[in-house]
Structure formats: C-alpha cells, structure tokens
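What follows is a set of notes on a single structure, which appears directly below.
The values are calculated or read from the model by the stated rules, or taken from the named source; none is laboratory data. Predicted model only: the values in this text are computed from it and were never measured. Counting neighbours? That spans all protein chains shown, and the Cβs are built from the backbone with ideal geometry, glycine included.
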Amino acid sequence: MTKSENIEEAYKTAKERYAEIGVDTDKVLKDLKKVKLSVHCWQGDDIHGFLFPGQALTGGIGVSGNYPGIARTPDELSSDLSEALSLIPGSHKVQMHAIYAVTDKKKDLDELEPEDFSYWVDWAKKEHIGLDMNGTFFSHPMVKNNFTLASPDKDVRDFWIEHGKRTREIANYFGKELGQQSINDVWIPDGFKDNPIDKATPRLRLIDSLDQMIEKKYDEKNTIESFEGKLFGTGIESYTVGSHLFYNNYAITRGKLWTIDSGHFHPTEDVSDKFSAFLPFGKGLMLHVSRPVRWDSDHVVIFDDALIRIARSLVLDNELNKTNIGLDFFDATINRVAAWVIGARATQKAILQAMLEPIDQLKQAELNFDFTTRLAETEELKSYPFGAVWDEFCVQNNVPVGTDWLNNIHQYEKDVQFKRDGKLVNN
C-alpha cells in the first residue's frame, strides 16, 4: 500500500472506532476547520520589529538563541509567515505588534497611522487571512521606572494613551479592510520590584488612562479591545498594577475581552479552570497559548497536559465561540518557522482530541453521578486513534502529514533562510 492509501485506511478504521461511541469524525473535521488560530508575528524575528532598528528589548522580555535565518525585513518576515501558514491546516490570522509598522518616515509609537500597516494588510489579502493587533508598551524610553499607563508622570501617561488610541485605529483598519474582527490586545509592564506603600493609586491612574484610551467608539465587527494581566514580571516581582483580577473586572465593566496568557499565572494554577468562571459574566476571551517551563518563559507550545486541559475546557464547555485563540512564544534556538508550525499544529491536535470525545454521553454520566463510567471512558479515549483523524485533517487541507512538513522547512532553510547573511550556513 502507498502512504496515502495507508492514511486512508487508518482513517476509515478510526472513523469506525469513534462511531461506536457516537462520534462523527467527518463532522469533527468540519468543526475543527472553523477554528482559527492567531499566529504571532514576533516569533519570526525575536521581537525586534521594524520601527526602531537596533533597539534592545527591555521590560522583562528576552529571547534566547541565535539559530541562523532570522527575518530582518518585512519581506523576509512575511515570507516566513507564508511558509508557516502553508504547513498549518486551515485558515488563520496573524497577530501584529505596533513595532512592526512599515514606513519610510521616522515615527514614534504615538504617531502611528493605519497607512503604516498597509504592507501587512496587502499581504494578508493575498493570504486570505485576518490580522490582530498588539500595542507595544515596552522597549521604549518612555517606559519610565517600569511604568507606562499607570505612571505618576502625566507626560508618560499621555504618550502611552495616545499610543493606545493609535493601535485601536489600526485594528479598526484591519477589520474594515480584511472583513474579520481584529482583536487589539493591551499589556503593560507597570509595577514595583519591592513592596509598595500605595497599591490603589496606580490602579486608579490605570483605569483613567484606559478609559481615555477607549473613549472613541468603533464598530465591533471591525475591532474590540482585550486586556492582558500578569501575576508578576522581571522587575515588578512585588506588585503588578494590571493584575489578572484588575483586568478581569475592567473587561467585564467595560464590555471588552479579557486576555488569559497561559504563561502569566502561578505555575500551579490551571488556567483552563478560569474560562468557565469568567465567560458567564464576560463578553469573551482572548487566549494567548504559551508554555511556561518555570515561569513566563514563552517556550514553543507542545502537545502537553496543560494544552490538553485548555482545549478540553474550551470544547467540552462549548466556549470556542467566545474565545479567540492566539499563540505567544518565541524561541531562537530552533528554526523560527518550524516553531510556528509545531506550536500551531500542537494546538490544533489538542482541540481535535477534545472534539473526538463523546461529550453528551460523558456529561450525562456525570449528571447521573456515574463517575465510574466517566473515569473509565475518559481513560480509554486516551488510546483511541485520534492521530489517524489528524492525518486525515492534514490531507483534507493539503498540508504535509506527520513529520513530512520538516522536508519543506529544510528546503526553505537551504533556499531562503540560510542565504540571508550572504553565505550558505552549514546545517
């Protein structure tokens, strides 16, 4: 048998196995194709961007590794993204950061305009994808003493308020031009390294700054804001102004989205448990899928227990329709395009595995307090042939099956990435 025949036969067997427990794999594959991921552009160039060439990363953000082939220009980054998207099944979105503006003029963050992202809109139209937006509230001289929107200095606050307003206008431009809602994410590094005397006033300043920033109304079919908290960060270990609870409440009271970054919580917390606690009250979620090895280290997402729990919660509780799933990691120790593919495909696999559960049957067993059936079936499902269903999903979406996509990466390295410094790099 040929490889394609083996894949077809394996899927046929898997389909029959899942049908025995009431799961229609053909329907699951259609449902999975509807799930869009928002792939983060900053994995491709180690968060350098194009607005401030040579400017060092600050604000507790750092990237390790120096694998050859880093994207240095908009054309190189868009090429890398196109290569990654061609190896990820389905149709998706890309997250931008403000520092990825493409302009011939020297501009600061408070001067950006939609036209500075026309390059990315034109590219997105060719790729038939949507774009999300992120304000860049870090790695800038106007981050004073680890403060931006919550700064006691009005000039600092005003600078960042204006930046926030500009990113909202850009996100609205994305939505209008591409016909897909653009999520505009807000994360700031504000806080104190050691114990503060006054915890209330910085948060009151932040509320005022955010309210000014979002004062102008935009059609939500084009864009909506999402606010991202953090337990702590480097340099703000003792007090984070924009904590999880702060933004949870702000999002609910302002009718906005709350961003849950899976790396921004205490390592013992299960972020998947937070979805069903927030969504009955909140408008929706923006999810940043990351992998914190010790803390917010932003490792490439893999098909691990944490990711499986995240996917199961979204699927079993029917929360996919209120959740925007974005990726957020950066690893320069491996091929940067491969990192996108690994993380995205792992996330899709986790969602697929959850969709292949007999959800109604398991919920009924739980409702009947039949915990024996619940445990027995969920354990047996772990050895069901979901991999054969995944392979079929790849076939249906015209992307390589298994590790075949690595052949594409190796060829892309040889033809494109390894030639960027003017000489071929030995692999």
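Of the residues making up the range 67-86, just one is part of a loop (DSSP other than H, G, I, E, B) and surrounded by 22 or more Cβ atoms within 10 Å (Cβ to Cβ), namely 71.
Within the range 107-140, being at pLDDT 95 or above, more than 16 Å from the chain's Cα centre (by Cα) and part of a loop (DSSP other than H, G, I, E, B) holds for 107, 108, 112, 113, 128, 137. Count of the range 209-261 residues, restricted to those that are among the basic types (Lys, Arg), closer than 17 Å to residue 133 by Cβ and surrounded by 19 or more Cβ atoms within 10 Å (Cβ to Cβ), is 1. Candidates in the range 23-44 are the residues that are assigned to a loop (DSSP other than H, G, I, E, B) and in contact (Cβ under 8 Å) with a residue 40 or more places away in the chain; of these, the one that is nearest to residue 356 (Cα to Cα) is 23.
Results for (1) in contact with an Asp or Glu (Cβ under 8 Å, 6 or more places away or on another chain); (2) hydrophobic (A, V, I, L, M, F, W, C); (3) without any contact (Cβ under 8 Å) to a residue 60 or more places away in the chain; (4) closer than 29 Å to residue 37 by Cα, shown as yes or no for each residue.
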{"position": "173", "(1), (2), (3), (4)": "no, no, yes, yes"}
{"position": "190", "(1), (2), (3), (4)": "no, no, yes, yes"}
{"position": "219", "(1), (2), (3), (4)": "no, no, yes, yes"}
{"position": "234", "(1), (2), (3), (4)": "no, no, no, yes"}
{"position": "249", "(1), (2), (3), (4)": "no, no, yes, yes"}
{"position": "252", "(1), (2), (3), (4)": "no, yes, yes, yes"}
{"position": "276", "(1), (2), (3), (4)": "yes, no, yes, yes"}
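On the stretch given as the range 321-378, residues that are polar (S, T, N, Q) and either buried (at least 22 other Cβ atoms within 10 Å of the Cβ) or closer than 20 Å to residue 287 by Cβ (or both) total 7. Filtering the range 109-122 to residues that are over 19 Å from residue 222 (Cβ atoms) and either surrounded by fewer than 22 Cβ atoms within 10 Å (Cβ to Cβ) or touching a Lys or Arg at 6+ places or on another chain (Cβ under 6 Å) (or both) leaves 110, 111, 119. The residue of the range 283-298 that is modelled with the highest pLDDT, among those that are surrounded by fewer than 18 Cβ atoms within 10 Å (Cβ to Cβ) and of a type outside the set (D, E, K, R), is 293. Annotation for the range 9-22: no member residue is under 30 Å from residue 134 (Cβ atoms) and in a helix (DSSP H, G or I).
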